[in-house]
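Step one of this worksheet: look at the structure below.
Every number here is computed from the coordinates shown, using simple stated rules; none is lab data. Predicted model only: the values in this text are computed from it and were never measured. For neighbour counting, all protein chains shown are included, and Cβ atoms are generated from backbone atoms with ideal geometry for every residue, glycine included.
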């Protein structure tokens, strides 16, 4: 089938393109390269089933249907990126999502929104279930990304209800793996780059805040299953529920890299959630999916990628 | 000064236009008349300082600057309206707000967003203060309006932070008065129309859910003060903190109208908040404002308007 992937040159998007091309689909990848990188899809460009289109999803889309599926991943994702560009982040979430939904409606395509655990904000319940409404201050310093995604979810549901589009919402928890941008500020890539550069590994605050991390191949499998799950309505949490503290993660990266970098504590970040962990029961039940790659395996593969492909200068 | 009022033919917008024209400003009123009504501003149209432009704020705006102030009120507001048109509601909140902010940024105008107590969703604290992040399910049945407004707030803050626009956010709690659309489903207009028609007054559920209602002249005063309050950042609750149960309100309307309509209980509404009451301390402190019109006075004036101007057929 013919599939549109927006944000297809990003970290997660490029792995999704790999998978869809490998499955024999014709893939049109749209990316404005504001945070995505052409190098992430360079190996796909010679392939017959793959087309790269440089375009901003918030503007009229220079692609023609029909598509059978639209995977809408385009958005600045890392804190570094959306802090620097709140207006663009909001516009992509709203106008970009609207244009992609209009296209899906016009084609009769299935639509999958890549949403985020950030819709839960700084939650007071753990783990988070899909019915938890979240705790997000709409005017807080993180609000551009969080509200952009909450808006995108509401719009996606509205197209499902009002226009009858087959819609799916993936609430993606932290995901990692090769091709994360080295400078995008995500914690795992930071730790790896610092470790490989022989620098101190910087942990914000006391390092006791926890996150859970899903390896990218697991996440791609989940997205493909969700897009194909006809009739599954409403958001589905996708992530690896295993929690780790930032301090433990830093030590693990240093150990797996065979490094001797010290851990350095730096001031906590404003508005940084203390914990974030998905309840993935709904994904397990409806998609028969759960994360399979252990953190040790995933981190080793990721460290290996940065050592070989993007060594720190 | 020259002022733009979007949604200026709506209930609140038309009263704001009245006030601004009376204050000697040149007012451009933009409204697509999807929920606003031309009759609300018909008396202003002959006035030299007033211009009506029929346009949708989600499309390129057919108005030229410069403006010194932009009051952005355009949005479906009543539950009836946004339930029926979730996609348009979301688009107005996002794309309409973005276009108005772009205009304000281009002119160096002060921007005031008419936001809403609905950003708090179904709150678990009473009264609500501006720092309360709210409890809104982004995919719930009321989410189109609530998330549209939360998004508009986030975008407004982003223009303040990233582009230096002087921005103000009014979190408007229930407001009532003449010119509410008789069919828009708001509780006070429903009660008045039913009473004047001699029909039973319908109360949802047990009638113990409370609301607080601000008379429109008080709200207009608050908006004008807020727009002129240089340096007041972040949202400000505007409303009348006096709570009343729906059952008591129904009895009050019947009594003030001199009617003998009975009260009829009908099934509760899905996702209907139990309580909603503003903490208006911030408005009192920063604007020297509080609601002055008693519910008795306001209801009597409103009943009088519907009896004279829009009697039920």
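Just to be sure I understand: if I project the alpha-carbon convex hull of the protein assembly as shown onto a plane and average over all orientations, what area do I get in nm²?
Values: hull surface 113.3 nm².
Orientation-averaged projected area of the Cα hull: 28.3 nm².
Put the label 7 Å from Cα along Cα→Cβ for residue B:274; what are its distances to the other copies, in nanometres, shortest first?
For residue B:274, the inter-copy label distances come out at 2.6 nm.
In nm, what does the list of distances from residue B:285 to its counterparts in the other copies look like, shortest first, when each label sits 7 Å along Cα to Cβ?
Label-point separations across copies, in nm and ascending: 4.5.
For segment B:75-193, what percent of Cα pairs sit more than 22 Å apart? Intermediate values should be presented prior to the final figure.
On the way: 2784 of 7021 pairs.
Looking at segment B:75-193, the distances longer than 22 Å represent 40 percent of pairs.
Using a Gaussian network model of chain B whose springs link C-alpha atoms within less than 10 Å, name the residue from B:104, B:154, B:250 with the highest mean-square fluctuation.
Greatest mean-square fluctuation among the candidates belongs to B:154.
Counting only DSSP beta bridges with both residues in segment A:159-260, tell me the antiparallel percent, nearest 5. Before the final figure, lay out each step's value.
On the way: 3 of 9 bridges.
Looking only at bridges with both residues in segment A:159-260, the antiparallel portion is about 35 percent.
How far is it, in nm, from the label point at residue B:255 to the one at residue B:313 when both lie 7 Å from their Cα along the line to the Cβ?
Each label point lies 7 Å from its Cα, and together they span 3.4 nm.
Using the beta-carbon distance between residue A:197 and residue B:124 and R0 = 56 Å, what value does 1/(1 + (r/R0)^6) give for FRET efficiency, to the nearest 0.05? Please list the in-between numbers first.
Details: r = 47 Å, r/R0 = 0.84.
So, using R0 = 56 Å, E works out to roughly 0.75.
Counting only other chains, what is the mean number of Cβ atoms within 10 angstrom of the Cβ of each residue in peptide B:89-100? Provide the component values of the computation, followed by the final result.
Numbers: counts 3, 11, 5, 0, 4, 12, 5, 0, 2, 6, 0, 0.
That works out to 4 on average.
For segment B:1-132, I need the span (max minus min coordinate) of the C-alpha atoms along each principal axis, in Å, sorted largest to smallest.
Computed over segment B:1-132, the largest-to-smallest principal extents equal 48, 30, 28 Å.
Hey, for residue A:43 with labels 7 Å out along Cα-Cβ, what do the inter-copy distances come to in nm, ordered shortest first?
Inter-copy label distances (nm, one decimal, shortest first): 7.2.
Sticking with the crude label model, points 7 Å out along Cα→Cβ, report the distance from residue B:294 to residue A:244 in nm, one decimal please.
Spacing of the two 7 Å Cα→Cβ label points: 6.7 nm.
Highest mean first, what order results for A:227-236, B:233-242, B:256-265 on Cβ atoms within 10 Å?
Numbers: A:227-236: 16.8, B:233-242: 21.9, B:256-265: 14.7.
Descending mean neighbour count gives B:233-242, A:227-236, B:256-265.
Computed FRET efficiency, Cβ-Cβ of residue A:285 and residue B:64, R0 51 Å: what is it to the nearest 0.05? Let's see the in-between values first.
Numbers: r = 57 Å, r/R0 = 1.11.
Approximately 0.35, to the nearest 0.05.
How shielded is A:117-125 by partner chains, expressed as the average number of their Cβ atoms within 10 Å of its Cβ atoms? Don't skip to the end; give the middle numbers.
Working: counts 0, 0, 3, 1, 2, 1, 0, 0, 0.
Across the residues of A:117-125, the mean count of other-chain Cβ atoms within 10 Å is 1.
Looking only at segment B:47-88, which residues have a backbone nitrogen under 19 Å from a spot 7 Å from the Cα of residue B:163 in the C-beta direction?
In segment B:47-88, the label zone of residue B:163 (backbone N under 19 Å from the point 7 Å along Cα→Cβ) covers B:56-75.
Please give the Cα centre distance for segment B:206-280 versus segment A:234-251, rounded to the nearest Å.
43 Å
Considering only DSSP beta bridges whose two residues both sit in the protein assembly as shown, what percent are antiparallel, to the nearest 5? Don't jump to the answer; show the numbers that get you there.
Details: 6 of 78 bridges.
That works out to approximately 10 percent antiparallel.
Comparing B:142, B:292, B:150, which has the greatest mean-square fluctuation in the GNM of chain B with Cα pairs linked when under 10 Å apart?
B:292
Would you kindly work out the equivalent ellipsoid of segment A:249-311 from its C-alpha gyration tensor and give its semi-axes, the square roots of five times the eigenvalues, largest first in whole Å? Before the final figure, lay out each step's value.
Details: eigenvalues 155, 87, 20 Å².
The three semi-axes for segment A:249-311 are 28, 21, 10 Å.
At residue B:230 and residue A:206, where each label point lies 7 Å from the Cα along Cα→Cβ, what is the point-to-point distance in nanometres?
Distance between label points: 4.5 nm.
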